[in-house]
Amino acid sequence: MGDIDLEALVRNIPDFPKPGIQFKDITTLLCHGPAFRQVIDTLVERYGGRQLDTIVGIESRGFIFGAPLAYEFGIGFVPVRKPGKLPAETYQIEYALEYGTNSLEIHCDALKQGARVLIIDDLLATGGTVAATAALVEQAGGVVEEIAFVIELSFLGARQKLEQYPVYSMIQYD
Ligand code: AMP
């Protein structure tokens with residue numbers, strides 16, 4: 001959908017934030033109005049016919065794509081955030097990184113029991129972040145209908161980790 005070459009608008013930054021990592025910088029896509037609109041329109045087209053109750057966005061770039069979608073569908077947006085940011089009672093999950101661990105939180109009362117959830121983030125790398133988010137959604141009573149990304153680093157093989165969920169991505173790097 002749309003004729004703008006989105007991949008051409010993603011900027012590759014070598015060795016950021018550390019040597020050996022090629023960072024996919026989406027700010028160059030976001031500041032191109034028609035391209036940003038094409039990303040959102042593509043998601044609207046894909047999910048418009050689905051029975052979704054809530055969009056869950058992962059801090060912080062997942063918020064950029066999740067919020068306009070929730071607005072368009074007239075359904076709720078729920079943020080999954082880094083520790084210490086959400087003010088009410090939370091469920092928390094810790095997950096492994098290459099070196100060390102990270103944590104994420106969701107408000108305990110953010111989802112209705114059985115809520116059909118679409119999880120959104122900007123980029124799928126190893127899949128650790130989104131697997132932890134899916135576990136949080138389930139702990140909070142939600143059902144993960146699908147997980148959507150703008151970019152997927154397919155060569156990292158994260159889909160194996162996410163076998164039990166449908167996964168969609170707009171741009172793949174093999
Ligand atoms: P992961 O848990 O490995 O799937 O990492 C996903 C999270 O880290 C996402 O929120 C991405 O925004 C960020 N991330 C990981 N690798 C990259 C990369 N090469 N370029 C840009 N963002 C990345």
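A few points about this structure:
- The stretch 45-70 residues near the modelled ALA88 label - backbone nitrogen below 19 Å, point 7 Å along Cα→Cβ: 53-59
- Using a Gaussian network model of the chain in which every pair of alpha carbons under 10 angstrom is joined by a spring, one finds that among PHE23, PHE73, PHE65 the greatest mean-square fluctuation is at PHE23.
- Dipole axis of the chain (+1 Lys, Arg; -1 Asp, Glu on Cβ), positive-most option in SER60, LEU124, LEU162: SER60
- Taking every DSSP beta bridge that has both ends in the stretch 50-173, the antiparallel portion is near 25%.
- Extension reserve of the LEU97-ASN12 stretch, reckoned as 0.36 nm per residue once the Cα distance is removed: 28.4 nm
- Of the chymotrypsin sites (Phe, Trp or Tyr not before Pro) found in the stretch 77-125, those that fall in a DSSP loop while having at most 15 other beta-carbon atoms within 10 Å are TYR99.
- Residue ranking by accessible heavy-atom surface, 1.4 Å probe, largest first, among ASP109, ASP121, ASP3 comes out as ASP3, ASP109, ASP121.
- Stokes-Einstein translational diffusion, the chain - Kirkwood Rh over all Cα pairs, 1.306 mPa s, 10 °C, in µm²/s: 96 µm²/s
- Of the solvent-accessible surface of the chain, computed with a 1.4 Å probe over protein heavy atoms with every protein chain present, carbon and sulfur atoms account for 49 percent.
- A 1.4 Å probe, protein heavy atoms only, puts the accessible area of LYS18 near 90 Å².
- Placing unit charges on the Cβ atoms of the charged side chains and taking the dipole of the chain about its Cα centre, the candidate lying farthest along the positive direction among SER103, ALA88, ILE147 is ALA88.
- The charge dipole of the chain, taken about its Cα centre with unit charges on the Cβ atoms of Lys, Arg (+1), Asp and Glu (-1) only, comes to about 220 debye.
- Report summary: the helix-based calculation at 222 nm, which adds -39500 (n - 2.57) for every DSSP H run with n ≥ 4 and divides by the residues of the chain, gives -7500 deg cm²/dmol.
- Ranked from largest to smallest solvent-accessible area, with a 1.4 Å probe on the protein heavy atoms, GLU163, GLU7 come out as GLU163, GLU7.
- Electrostatic bookkeeping for VAL143 treats Lys and Arg as +1 and Asp and Glu as -1; over the other residues with beta carbon under 15 Å from its beta carbon, the sum is -1.
The values are calculated or read from the model by the stated rules, or taken from the named source; none is laboratory data. Remember, it's a predicted structure, so these values are computed and weren't measured experimentally. No Cβ is skipped: glycine too gets one built from the backbone with ideal geometry, and neighbour counts run over all protein chains shown. When the accessible area is computed, the model is the full protein with side chains, heavy atoms only, and any ligands, DNA or RNA have been set aside. Shrake-Rupley method; radii C 1.70, N 1.55, O 1.52, S 1.80 Å.
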